[in-house]
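Peer 1: Structure in structure tokens, see below.
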């Protein structure tokens, strides 16, 4: 008959460590940080918190695009129709 050691300690798995059980702080932290940054940028655009730099006080015009990946573009009328940035479809 086999002798069993009933007094031995249970084996601890390395998969139960904080690194594996909490992906936001462990192995997947980089991905979660990038997703948070993307969501933050999206919220800034949706709240119209667009950084305009020197064009902050200028007359701006939004030109709607008929095709392509962008919904429209933002141009500065004061600076002779200078292109400032593309505006995503999520704004409209």
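Peer 1: Please grab the % of Cα pairs in the chain that end up more than 20 Å from each other. Kindly include the intermediate steps, with their values, before the conclusion.
Peer 2: Details: 2608 of 4186 pairs.
Roughly 62 percent, rounded to a whole number.
Peer 1: Can you show me the helix-derived [θ] at 222 nm for the chain, built from DSSP H runs with n ≥ 4 at -39,500 (n - 2.57) apiece and divided by the number of residues, rounded to the nearest 500. Could you put the intermediate results ahead of the total?
Peer 2: Values: 2 runs with 22 residues, N = 92.
Dividing the helical sum by the residues of the chain leaves -7000 deg cm²/dmol.
Peer 1: Once fully extended, how much extra length lies between residue 20 and residue 39, figured as 0.36 nm per residue of separation less the alpha-carbon to alpha-carbon distance?
Peer 2: On the way: separation 19, 0.36 × 19 = 6.84 nm, distance 2.43 nm.
Net length gain for the segment: 4.4 nm.
Peer 1: For the stretch 53-92, what does the equivalent ellipsoid look like in terms of its semi-axes, each the square root of 5 times an eigenvalue of the Cα gyration tensor, given largest first in whole Å?
Peer 2: Values: eigenvalues 78, 20, 11 Å².
The three semi-axes for the stretch 53-92 are 20, 10, 7 Å.
Peer 1: Suppose the chain between residue 27 and residue 56 were pulled fully straight at 0.36 nm per residue; how much longer would it get relative to their current alpha carbon spacing?
Peer 2: On the way: separation 29, 0.36 × 29 = 10.44 nm, distance 4.15 nm.
Length gained between residue 27 and residue 56: 6.3 nm.
Values quoted throughout were computed directly from the atomic coordinates according to the rules given, and no laboratory measurement underlies them. The model shown is predicted, which means the values in this text are computed figures rather than measured ones.
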